[in-house]
Amino acid sequence: MNDKSKQDNLFASPLGDVPRFTFDQAVVDVFPDMIQRSVPGYQTIINLCGELAARYVQPGSNCYDLGCSLGASSLAIAQQVKQPGVSIVAVDNSAAMLSRCKSVLEKTPSTAVIELVEADICDIEISNASLVVMNFTLQFIAIEKRQALLEKIYAGLNPGGCLVISEKLLFEPESLNQLLSELHHQFKSAQGYSDLEISQKRDSLENFLLPETLETHIHRIKACGFNSASPWFQCFNFASLVAIK
């Protein structure tokens with residue numbers, strides 16, 4: 001990025017005891033650069049969420065962007081929705097993220113109503129939903145809370161509604177997991193991150209970002225009652241799943 005103030009260099013210097021990752025103002029300031037350089041296929045997933053919105057969003061219904069960060073998914077949905085009376089509910093528990101998200105949305109006119117909600121996504125109500133998106137959000141939710149969250153989403157989705165879950169994945173056997181981790185490391189190196197930055201960020205995310213296997217995700221989704229659940233995008237150890245009620 002040309003604006004150096006927005007380049008992610010949070011882990012560029014030795015930090016000693018690396019602090020646990022948090023979505024604070026420092027992360028917000030560099031987030032667009034951070035996520036583009038850290039998550040292979042991120043922009044493709046965002047764009048495809050818009051395509052799904054055009055296909056699945058029903059008139060007079062709600063869309064939920066859970067863990068909305070700076071609103072990229074909400075904007076992609078808003079730009080593709082043509083149905084009348086649609087509301088987009090963008091939820092995040094980071095006040096810093098939502099403050100910046102509000103500024104971003106104000107600069108990008110949309111015909112759809114986008115409501116920003118500061119809350120834990122496990123605590124909000126899901127109702128009259130035709131599309132629910134969780135892009136790299138579930139991985140930060142305590143594992144023991146994930147099934148109940150998915151069940152709540154399923155209950156709040158209208159028949160024919162769509163759920164998107166994008167996640168970093170764990171693979172078995174460990175040799176395959178190691179290969180995909182190394183390929184991701186190479187991807188980040190190619191984006192200009194040093195070995196020190198990659199190592200320190202990994203330490204910062206340890207025990208905070210908790211990945212699971214694709215099989216675990218699909219089993220949990222189907223256990224809720226979804227008619228179908230399948231990956232629709234994958235690059236290395238990052239994937240996006242789509243499920244239809």
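The values are calculated or read from the model by the stated rules, or taken from the named source; none is laboratory data. Predicted model, so just to flag it, every value in this text is computed and none were measured. Cβ placement follows ideal geometry from the backbone for every residue including glycine, while neighbour counts extend to all protein chains displayed.
If you take the residues in the range 36-85 that are in a helix (DSSP H, G or I) and among the basic types (K, R), which one is surrounded by the most Cβ atoms within 10 Å (Cβ to Cβ)?
It comes out as R37.
Could you figure out which of (1) in contact with a strand residue (DSSP E or B) (Cβ under 7 Å, 6 or more places away or on another chain); (2) farther than 19 Å from L205 by Cα; (3) among the aromatic types (F, W, Y) isn't true of F136?
Among (1) in contact with a strand residue (DSSP E or B) (Cβ under 7 Å, 6 or more places away or on another chain); (2) farther than 19 Å from L205 by Cα; (3) among the aromatic types (F, W, Y), the lone unmet condition for F136 is (2).
Can you tell me which residue among Q79, Q83 is in contact with a strand residue (DSSP E or B) (Cβ under 9 Å, 6 or more places away or on another chain), farther than 23 Å from G192 by Cβ and touching a residue at least 24 places away in the same chain (Cβ under 8 Å)? Let's see the steps before the verdict.
On the way: Q79 fails: in contact with a strand residue (DSSP E or B) (Cβ under 9 Å, 6 or more places away or on another chain).
Exactly one residue qualifies, and that residue is Q83.
Across the range 230-245, what is the number of residues that are farther than 21 Å from F187 by Cβ and without any contact (Cβ under 8 Å) to a residue 40 or more places away in the chain?
Within the range 230-245, the first condition is being farther than 21 Å from F187 by Cβ, and the residues that meet it are 230, 242-245.
Next, only the ones that are without any contact (Cβ under 8 Å) to a residue 40 or more places away in the chain stay: 230.
Number satisfying all stated conditions: 1.
Here are A129, A142, A190: which of them is farther than 25 Å from S13 by Cα, loosely packed, with under 13 Cβ neighbours inside 10 Å and among the hydrophobic types (A, V, I, L, M, F, W, C)? Lay out the reasoning, then the answer.
On the way: A129 fails: loosely packed, with under 13 Cβ neighbours inside 10 Å; A190 fails: farther than 25 Å from S13 by Cα.
One residue alone meets the criteria, A142.
If you check E167 against the conditions, is it under 28 Å from P32 (Cβ atoms) and at pLDDT 95 or above?
Working: under 28 Å from P32 (Cβ atoms): yes; at pLDDT 95 or above: yes.
The answer is yes for E167.
Modelled with pLDDT of 95 or more, of a type in the set (D, E) and surrounded by fewer than 22 Cβ atoms within 10 Å (Cβ to Cβ): does that describe E174? If you could, list the steps in order and put the result at the bottom.
On the way: modelled with pLDDT of 95 or more: yes; of a type in the set (D, E): yes; surrounded by fewer than 22 Cβ atoms within 10 Å (Cβ to Cβ): yes.
Yes: the conditions hold for E174.
From the list V104, V91, which residue is surrounded by 14 or more Cβ atoms within 10 Å (Cβ to Cβ) and assigned to a helix (DSSP H, G or I)?
On the way: V91 fails: assigned to a helix (DSSP H, G or I).
The unique qualifying residue is V104.
Specify the residue that is surrounded by the fewest Cβ atoms within 10 Å (Cβ to Cβ); the eligible residues are those in the range 223-245 that are within 18 Å of the chain's Cα centre (by Cα) and small (G, A, S).
S230
Against the condition under 18 Å from the mean Cα position of the chain (by Cα), surrounded by 13 or more Cβ atoms within 10 Å (Cβ to Cβ) and in contact (Cβ under 8 Å) with a residue 12 or more places away in the chain, how does E212 come out, does it pass?
On the way: under 18 Å from the mean Cα position of the chain (by Cα): yes; surrounded by 13 or more Cβ atoms within 10 Å (Cβ to Cβ): yes; in contact (Cβ under 8 Å) with a residue 12 or more places away in the chain: yes.
Yes.
Only one of F31, F23, F11 is among the aromatic types (F, W, Y) and part of a helix (DSSP H, G or I); which?
Working: F23 fails: part of a helix (DSSP H, G or I); F11 fails: part of a helix (DSSP H, G or I).
Going through F31, F23, F11 in turn, just one is among the aromatic types (F, W, Y) and part of a helix (DSSP H, G or I): F31.
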